[in-house]
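Peer 1: Handing you this structure, nothing more for now.
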Amino acid sequence: MHLSLGSLGLRLPPQPPSDLLLLNAVHRGHLESSAGLYRRHYRAVHAYAGTCVRSEKDARALAEQAFGELLSGRRPPARRRRPHCVRLQLLDNVRTLAATGPLRWHGDLSVPFWSWAGLDEGWPDTEDGALGAAFDALPAFGQCLLWHVSVEQESPDTVSELVGLSPDRVVRDSLRVSTQLRRRWLGAHLAHLAEPACRRALRQLQRHLVPTGRRDGGRHLAQCTRCAGLWASAAGLDQTLASELPRHVLGWWPHDDGNARPLAPPTLPIATHPGPVVPPHAGPHAQDATQRPGTEGAPPRFPSPAGIALLALVLWTAIMCVMLAWPPPPQEESVPPTSVWITSQSARRHPAVPGQGRTTHGAHPAAERGGPSRPSLAHA
């Protein structure tokens, strides 16, 4: 009985976004997504840049320029090499910038890279061999998967995060793509064979990839040294991918084992990654700001909508508290009218005679009507 987490009522953790999703988010203006791309690729890009230049400072600057070229989106996907593989785009940017940028004129390139590039005789393109042709004939997703698994030899868990698949799916698909590459590699050699017997035998081997008898070319391999050598190379293609494929795809690849990661620092925290990412279509001065000393750091983090709302609430509460605690303006003392003051002084000099029909000055009109009278200001 097969049990899964879904059948047990458990929810699987969400799959992290792939490299292409993060890159598209950056091109749409979500610059915070660039942090994930730095975390996944900076180590390998920095190591590859270190083989092109002499100093660590130039390697960091070259890696930052490669990321800036990719994240800016100045070149459309149709004009980018390997647009479906972020790692290959970054490595291609490093190689191109090192060979065509200002470093070539300052003598800052490493001696092996300078010798390989042959800058005094023109820029040599990548080799056009059978392996490169077979790799180019693969689907774009298969190229990216094969590069990470077979060339840089990364674990299925790491590759699953880069391409957006589960680790089990990465293992299955990488085996399928490797078989496709072997078939296409044999097909590229078939185009250069003139003997009908060799073409017929290799076509049968290309179909089955396992020589089992005379029908599939097994007998021909025992008689033809050239075809036997081609078949042996096809059978061991997985072991040579790490060292041979990069030279066909990138041209410059000085690593014997095909793995660029050992050249990077063993521990590279996120805080040492390049600083703020240049926004898309930003000017050259904005890019220079990310290369000044002392500006290294993680990409900028923007407040969330909930944080902005909380900040506004706190600010409004503080303003209301200040307004309620503010003292009221002082009230002026009321001065009695002059006529009332004169009347009260007159009443003191000439007191009223009891029994008279009319009131004296200072008596309240309500007293004439028999109502209650207010006390005079003279007694206040």
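Coordinate-derived values only; no laboratory data. Predicted, not measured: the structure shown is a model, and the values here were computed from it. Heads up, the Cβs are rebuilt from the backbone with ideal geometry, glycines too, and the neighbour counts pull from every protein chain shown.
Peer 1: How fast does the range 146-198 diffuse by Stokes-Einstein, in µm²/s, taking the Kirkwood radius from C-alpha pairs at 37 °C and 0.692 mPa s?
Peer 2: 260 µm²/s
Peer 1: Show me the ranking of peptides 241-247, 188-194, 63-69 by mean Cβ neighbours inside 10 Å, starting with the highest.
Peer 2: My ranking of the peptides, most packed first, is 63-69, 241-247, 188-194.
Peer 1: Quick check on packing: order 176-185, 90-99 by the mean number of other C-beta atoms within 10 Å, highest mean leading.
Peer 2: In decreasing order of mean packing, 176-185, 90-99 become 90-99, 176-185.
Peer 1: Still on this structure: Using the Cα atoms of the range 14-69, I'd like the radius of gyration and the largest Cα-Cα distance, Dmax, both in angstrom.
Peer 2: 12.8, 42
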